[in-house]
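Student: Mind looking over this structure? Questions follow.
The values are calculated or read from the model by the stated rules, or taken from the named source; none is laboratory data. Since this is a predicted model, take the numbers as computed values, not measurements. Every residue, glycine as well, gets a Cβ built from its backbone with ideal geometry; the counts of neighbours run over all protein chains shown.
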Amino acid sequence: MQTKLGTKFWISMLVFGLMGQVAWVVENMYFNVFIYKMFHASAAEISAMVMASAVTAAVTTIIMGAVSDKVGKRKAFMSAGYIIWGLSIITFAYIKSVVMTIVMDCVMTYFGSTANDAAYNAWLTDRGDSTNRGRIDGVNSMMPLIAILVVFGGFMSFDLDTHQAWTVIYYIIGIGTTLIGVLGWFLIEEEPGLAPSEESLAATLVYSFRPSVAGENSRLYLALLNFAVFGTSIQVFMPYLLIYYEKTLGMDNYVLIFAPAIILAAAVTVFYGRLYDSSGFVRSIIPVAAILMTGYAVLFYTKTTVPVFIGSLLMMTGYLTGMSVYGAMIRDNIPEGRSGQFQGVRIIGQVFVPGLIGPAIGAWVLRDAELITNSDGTTSFIPDRMIWAAAAAVLAVLIAVLAGTFGKICRQKPREAGRTE
């Protein structure tokens, strides 16, 4: 029987999850467009920004996740983190160069990762169990695409070629994130059984990196490795996605194409998470890989509206459902009472490795990309369709891993009771 979580939990999750992802959309997708349009950034500079943010996110989550376990609190880190996170977003309205954008991106990522990657994700793990994690991660994993829809829809009328538009965007998102942090003091409920760790902070920090711990939790670490390959495939194209739609395909109205694909993909994900609860990891992840690969193929071979919509729908559905399944698999195998400590290794698989390797592959593929001359005499690169071929090549590695030892291990009886594969 599925454990009931209560209305207040779902409200808290939706509010914090959605606003956090809105802020991450601005950071992960709009910052790329921001430095491309305002400062004519190169593919290498965009890649460097994504990499720097990934490193910051990983280090922050490792440290602050362990600290939250040590003190036995999530609420304070979530609420205070969101407040400062929002304030840091506002500072981007006053940035005038690529270098300062990269520096402040790392500062903002520190507060965002403390609040969201470390505390919020540990809180989700605390509150769920083996009967409902597929449902939790099904809802939580649709947040990134709903956030994209909110951001695109909310700002589609803005002229992103003007600095004034970016100033308004940063103020709106920054103030919204800060207000959610304030609301969290009244809304978030701590897990009743959560207590301060009796271990030293140093022991808490290194716990999830011990070889013996990895050996005892092989399913978890193999899932994280697998997740890293999945994420790397996504990060090959994601930093350049909006630029590809607008500049390469010439779709000034790409929001009107992208938004329906997001809505449909999000709807699929809500129900898809339940497949993990009922059927387990292997039977739910294989269709994800097939859908994502098909989406890549369609986007590689087409440039007109309807096929691009279909390819985008398949790509976004594969991406979103994959995040749901991997999220549930990882939470299911995190040792009880240590969810904060394991957010660091989770973020290494989810953000750090993909954020380093994926954009680097994308930048390498685009090293000889076509250049256009801007009105001020500067040049900008135009992403080409090879980003989809590169993403597909990485995904082929994932499929091979799923068919090999990892898939066999995941068919074995999992650590937690109540699950069937």
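Student: Could you go through segment 246-264 and let me know if any residue there is closer than 27 Å to Phe39 by Cα, acidic (Asp, Glu) and surrounded by 15 or more Cβ atoms within 10 Å (Cβ to Cβ).
Tutor: Within segment 246-264 (the criterion being closer than 27 Å to Phe39 by Cα, acidic (Asp, Glu) and surrounded by 15 or more Cβ atoms within 10 Å (Cβ to Cβ)), the answer is yes, since at least one residue qualifies.
Student: Which of the residues spanning segment 366-388 are touching a helix residue (DSSP H, G or I) at 6+ places or on another chain (Cβ under 8 Å) and in a loop (DSSP other than H, G, I, E, B)?
Tutor: Leu366, Arg367, Ala369, Pro383, Asp384, Arg385
Student: Of everything in segment 176-211, what is touching a residue at least 40 places away in the same chain (Cβ under 8 Å), over 13 Å from Tyr82 (Cα atoms) and in a helix (DSSP H, G or I)? Give them in sequence order.
Tutor: Answer for segment 176-211, where residues must be touching a residue at least 40 places away in the same chain (Cβ under 8 Å), over 13 Å from Tyr82 (Cα atoms) and in a helix (DSSP H, G or I): Leu187, Leu201, Thr204, Leu205, Tyr207, Ser208, Phe209.
Student: For a quick check of your reading of the model, give me the residue pairs whose first member lies in segment 155-175 and is at pLDDT 90 or above, whose second is surrounded by fewer than 15 Cβ atoms within 10 Å (Cβ to Cβ) and in a loop (DSSP other than H, G, I, E, B), with beta-carbon atoms closer than 8 Å and at least 6 apart or on different chains.
Tutor: Correct list of pairs: Ala165/Phe158; Ala165/Asp159; Val168/Phe158; Ile169/Phe158.
Student: Name the one entry in Ile357, Ile348 that is part of a helix (DSSP H, G or I), over 27 Å from Thr204 (Cα atoms) and β-branched (Val, Ile, Thr). Full working, then the answer.
Tutor: Working: Ile348 fails: over 27 Å from Thr204 (Cα atoms).
Answer to the check: Ile357.
Student: Could you pull out the residue among Ala289, Ala214 that is surrounded by fewer than 24 Cβ atoms within 10 Å (Cβ to Cβ), under 18 Å from Gln350 (Cα atoms), modelled with pLDDT of 90 or more and not aromatic (Phe, Trp, Tyr)? Show your work before the answer.
Tutor: Working: Ala214 fails: modelled with pLDDT of 90 or more.
Only one candidate qualifies: Ala289.
Student: Something else about it: Any residue at all in segment 312-326 that is crowded, with 21+ Cβ neighbours inside 10 Å, more than 20 Å from Ala390 (Cα to Cα), touching a Gly at 6+ places or on another chain (Cβ under 6 Å) and not hydrophobic (A, V, I, L, M, F, W, C)?
Tutor: yes
Student: Given the structure, is Ala118 in contact with a helix residue (DSSP H, G or I) (Cβ under 8 Å, 6 or more places away or on another chain), aliphatic (A, V, I, L, M) and more than 14 Å from Ser339 (Cα to Cα)? Before the answer, list the steps.
Tutor: Values: in contact with a helix residue (DSSP H, G or I) (Cβ under 8 Å, 6 or more places away or on another chain): yes; aliphatic (A, V, I, L, M): yes; more than 14 Å from Ser339 (Cα to Cα): no.
Answer is no for this residue.
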